[in-house]
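Report on one structure; see the data block that follows.
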Amino acid sequence: MKRIYMDNNATTAVRPEVLEAMLPFYREQFGNPSSVHWAGRAVGGAVEKAREQVAQLINCSPAEIVFTSCGSEGDNMALKGTVDALREKGNHIITTAVEHPAVLETCKALEKQGVKVTYLPVDHNGMLNLTDLEAAITDKTILISVMWANNETGNLYPIEEIGAIARKYKVRFHTDAVQAVGKIPVDVQKANVDLLVLSGHKLGAAKGVGATYIRRGTRLTPFIHGGHQERGRRAGTHNVAGIVGFGVACELAGAHLETEGVRIRALRDRLERGILEGIPDVKLNGHPDPNLRLPNTLNVSFAYIEGESLLLNFDMKGIAASSGSACTSGSLEPSHVMGAMCVDVILAHSSTRFSLGTDNTEADVDYVLEVLPPIVQRLREMSPLYNRDEPLSCMECQVIRKVL
């Protein structure tokens, strides 16, 4: 059976060059980089080289990079560390209603500790109003946290403009850039970002390694206490092999950023056109301008069918896609992102995300466009909502919503 992977926003395959670079640190170079002897020194140099590779991809100093275990740890570090370090200045955070759960759940936890959080709304395209952002700032605001790119819709947020607003009001600015780094140019200097989070497994490195950019001079209380690794900013023995692979993945992403961006965008656009023009009653979720979305991401809803049924039928054809975020796939509730965009709950349950990657080809796209219409048609014919002579009554709509 043909196997096609279009769930790269959930995770990516480890690139062969990355795996090759990692293997020696499992076999021969096994030392602890904190050790002062020969075994530690050799490994320590590899960690510092990786730090330089990560820093180069986002245009910062290597000393401003702190290695972590993942994006969720980085977001927790940024938010909790800021609240603790700046508690004398204020206790107000501004974020959006469409952030990754790593930010939203951290904010909810902080609210229980007395922190005030403003969750900015988005419009029906999932975009943020900067006037709302500026109006929400008070003299107690210590942090603005807005993701660079949304993991479900692919929407790109105006990070440079938000950075300028944060500078104007002398408020710290954090961005979860896990989905953006490696797919589009990310420059922390241009964006006036103070804290930025990235994750290795989203750009061809292994799971279990990430990094947080902390602008020089930014006070941040350590999230993990223990040893003095990472200049005292994050305790714990380094995941050397993962860090080395992460560095190589960042170098590869930087080298191929422009060419791969153009190629994958063309594939995404081909898929988008084929679905919207070839299948009736399909809704695009996200900004209608494809240039204001990640080049690899397409999110659509298919009226009259349920998303999980579609994904199961996809799976039987060897196609891997997703419904919403991988981090919330165990929930029966519709995506919080679709809810914030005021997508009808029935359509929200059919939202399907295609996220393309390095290994995808035109043949992959054409195969999806070949098998998708009959799957959709078959599922619609099974649906009580399809081919009705009269619209659903209010009572019927309420019952369906309760069931979903």
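The values are calculated or read from the model by the stated rules, or taken from the named source; none is laboratory data. All values reported here derive from a predicted model rather than from experimental measurement. All Cβ positions, glycine included, derive from the backbone under ideal geometry; neighbour counts span all protein chains shown. Side chains are part of the model used for accessible areas, which takes the heavy atoms of the whole protein and leaves out ligands, DNA and RNA. Shrake-Rupley method; radii C 1.70, N 1.55, O 1.52, S 1.80 Å.
In the condition set (1) closer than 25 Å to Tyr386 by Cα; (2) open to solvent by 40 Å² or more (accessible area, probe 1.4 Å), Arg263 is compliant with all but (1). State yes or no: is Ala102 surrounded by fewer than 21 Cβ atoms within 10 Å (Cβ to Cβ) and in contact with a Ser or Thr (Cβ under 6 Å, 6 or more places away or on another chain)? Here the answer is no, as Ala102 does not meet what is asked.
Listed by first and then second residue, the pairs linking a residue in the range 146-160 that is within 17 Å of Asn285 (Cα to Cα) and crowded, with 24+ Cβ neighbours inside 10 Å to a residue that is modelled with pLDDT of 95 or more and polar (S, T, N, Q), with Cβ atoms under 6 Å apart and 6 or more places separating them unless they lie on different chains, are Ala149/Gln179; Asn151/Asn9; Asn151/Gln179; Glu152/Asn299; Thr153/Asn285; Thr153/Asn299; Gly154/Thr297.
Taking into account only those residues within the range 67-98 that are acidic (Asp, Glu) and over 23 Å from Gln179 (Cα atoms), which is surrounded by the fewest Cβ atoms within 10 Å (Cβ to Cβ)? Residue satisfying both the conditions and the ranking: Glu88. Considering Glu64, Glu134, the condition of being out of contact with any strand residue (DSSP E or B) (no Cβ under 8 Å at 6 or more places or on another chain) and either open to solvent by 20 Å² or more (accessible area, probe 1.4 Å) or modelled with pLDDT of 95 or more (or both) is satisfied by Glu134 alone.
Only a single criterion out of (1) under 23 Å from Arg27 (Cβ atoms); (2) surrounded by fewer than 18 Cβ atoms within 10 Å (Cβ to Cβ); (3) modelled with pLDDT of 95 or more is not satisfied by Ala255, namely (1). Go through (1) assigned to a helix (DSSP H, G or I); (2) within 23 Å of Lys207 (Cβ to Cβ) one by one and return the number of the condition Glu99 breaks. It is condition (1) that Glu99 fails. Taken as a whole, the condition of being part of a helix (DSSP H, G or I), assigned by TED's automatic domain parsing to the domain that holds Gly245 and open to solvent by 10 Å² or more (accessible area, probe 1.4 Å) applies to Ala109.
Scanning the range 26-59 for residues that are of a type outside the set (A, V, I, L, M), modelled with pLDDT of 95 or more and assigned to a helix (DSSP H, G or I), we see that the one that is most open to solvent (accessible area, probe 1.4 Å) is Gln56. How about the range 1-25: which of its residues are buried (at least 17 other Cβ atoms within 10 Å of the Cβ) and small (Gly, Ala, Ser)? The answer is Ala10, Ala21.
Within the range 161-182, the set of residues being small (Gly, Ala, Ser), more than 14 Å from Ala149 (Cβ to Cβ) and open to solvent by less than 10 Å² (accessible area, probe 1.4 Å) comprises Gly163, Ala166. The residue that is nearest to Pro185 (Cα to Cα), counting only those in the range 195-248 that are among the small types (Gly, Ala, Ser) and more than 22 Å from the chain's Cα centre (by Cα), is Gly217. For the criterion of being part of a helix (DSSP H, G or I), touching a residue at least 60 places away in the same chain (Cβ under 8 Å) and polar (S, T, N, Q), Asn313 passes. Screening the candidates Gly307, Gly245, Gly330, Gly286 for the property of being outside the structural domain of Asn76 (by TED's automatic domain parsing) and at pLDDT 95 or above yields one hit, Gly286.
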